[in-house]
Amino acid sequence: MVEHAADFEWRGEGEDAEIVLYAPDAATAQRAFGQTLPAAALPGVLSPVQAAASGSDLGWISASETHVAPDLISAPARGLLLVAASAAELGVPPGEAVNFILRKLSEVSLPRFGEAEVRRAAETGAFWAAEEGLISEDDLALFDYRVSGEPDSLPRRALSAGVRDLDRPGRTSVYGIAEILDTERAEALDLSTGALALSVQTGPEDLGRLALAAHRERILDRVWSGDFGATAELPAAPLETEEAADLLAATQAIANYADARAALRLYELRRALAGEGRLEPRAAWPLGGLAQEDGLLLHRRNLATVEREDALVARNFVAVGTGAMRASAPPFGPNPEEDLWAWEEAGLLERVASLGPVES
């Protein structure tokens, strides 16, 4: 059972750690509490496990001092906020702007890529796309570039799937900026009412799914031997083991691959809107995955990594992080029609602008 602790905050005891849950109502909190319990059973778990839940989405951040568990993460993904010209500047009626952009996007073809390009994408992420001349070097600052991806940590089946997935479109949504809620922060992001905001999210598709499944099976084999201090219900590897190191390397390679796919989507969108006004990236945020921080292994599931003042799109708002929940935030939202926005009231995010249908 969970107990109401504060506005939009509930607390309950898991197997080895307290759970702090943020939700818009008690029914959602009670349902999400049961789903979050596995994250509190992580060997070496540090209390509290923090989670956020809406009517249909749930995310958590669970930290361990000793173990890594592939079941407690979502495959690394990447979100982007792009700002484009107004519908009038595109030369189309406001009601046709979304179809116009998506139609132009469907007419853009990517170069052909093979396994060598997939390996390079897994190794260096968006840097590979810049090397290919698909994005500019200025764009790389958005992607928090690292060189630690190890393509050899990905099984051959995953690399083969990555060839097919590399040119799959990510999820792209087109909004109008309906209202500015924080003028100073909006100016820093160059947001203004009437402009178009494009929200892009790219994941690793089958490459990520196959890679995480392979590492889970490898860890599970060692769990059955009784060496890892974990259970078959939640396979986990001690941080000092080769299995944990390989999973961490694979997770970074998956994150790099998701970044490369986001960079390709940026390339496609710029080609689609060439001559129709500038398309500028304003924010980028990683989602899910693993991170090592101060000797801890952070497991993120369906949450974005956002430090204080980092921007992201959370359903129908542009918002900035507060640094809460170990610099994590829900990219989803509670009921958008509610007068009070639960994530803001709970201190997880602060709204900058509201997004809505494209209007004149």
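Please give me, ordered by residue number, the GluC sites (Glu not before Pro) of the stretch 237-267 that lie in loop per DSSP and have at most 13 other Cβ atoms within 10 Å.
Glu240
Find the Rg to Rh ratio for the stretch 1-92, where Rh is the Kirkwood radius over alpha-carbon pairs and Rg uses the same atoms.
Details: Rg = 17.8 Å, Rh = 14.9 Å.
That ratio equals 1.20.
Using the Cα gyration tensor of the chain, with a ≥ b ≥ c the square roots of its eigenvalues, what is the shape: rounded (a/c below 1.5), prolate (a/b larger than b/c) or oblate (neither)? Provide the component values of the computation, followed by the final result.
Values: a/c = 2.33, a/b = 1.23, b/c = 1.90.
Note, shape of the chain comes out oblate.
For the stretch 3-356, what is the relative contact order in percent, using Cα pairs closer than 8 Å and at least 6 residues apart in sequence? Present the calculation step by step, with values, prior to reporting the outcome.
Values: 798 pairs, mean separation 90.2, N = 354.
The normalised contact order for the stretch 3-356 reaches 25 percent.
Going by average Cβ neighbours within 10 Å, how do the peptides 173-183, 73-83, 153-163 rank, with the highest at the top?
Peptide ranking by packing, descending: 73-83, 153-163, 173-183.
Starting with the fewest neighbours, write out Met1, Met325 ranked by other beta-carbon atoms found within 10 Å of each beta-carbon.
Working: Met1 8, Met325 24.
The fewest-first ordering by Cβ neighbours comes to Met1, Met325.
Determine the gain in length on full extension of the stretch Ser47-Met1; use 0.36 nm per residue of separation and subtract their C-alpha separation, reporting nm with one decimal.
Extra length from Ser47 to Met1 when fully extended: 14.8 nm.
Stokes-Einstein at 4 °C, 1.567 mPa s, Kirkwood radius from Cα pairs: D for the stretch 166-275 in µm² s⁻¹?
For these conditions, the coefficient is 75 µm²/s.
Can you pull the one-decimal nm distance between simple spin-label points at Thr231 and Glu345, each 7 Å off the Cα toward Cβ?
Result: 3.5 nm between the two label points.
Per-residue counts of other Cβ atoms within 10 Å, averaged by peptide: what ranking do you get for 57-64, 302-309, highest first?
Averaged packing, sorted descending, gives the order 57-64, 302-309.
The stretch 1-52: which GluC sites (Glu not before Pro) are DSSP loop and have at most 16 other beta-carbon atoms within 10 angstrom?
Hits after loop and neighbour filter: Glu15.
Label Gln30 and Thr241 with points 7 Å out from Cα along Cα→Cβ: what is the distance between them in nm?
About 3.8 nm, to one decimal.
Mind ordering 226-237, 279-290 by average Cβ neighbours within 10 Å, highest first?
279-290, 226-237
Set Lys and Arg Cβ to +1 and Asp and Glu Cβ to -1, take the dipole of the chain about its Cα centre, and tell me which of Gly194, Leu348, Ala39 lies farthest positive.
Farthest towards the positive pole: Gly194.
Readers should treat all values here as calculations from the given coordinates under stated rules, not as data from a laboratory. None of the values given here were measured: they were computed from a predicted structure. Quick reminder, even Gly has a Cβ in these numbers, built from the backbone with ideal geometry, and neighbours come from all protein chains shown.
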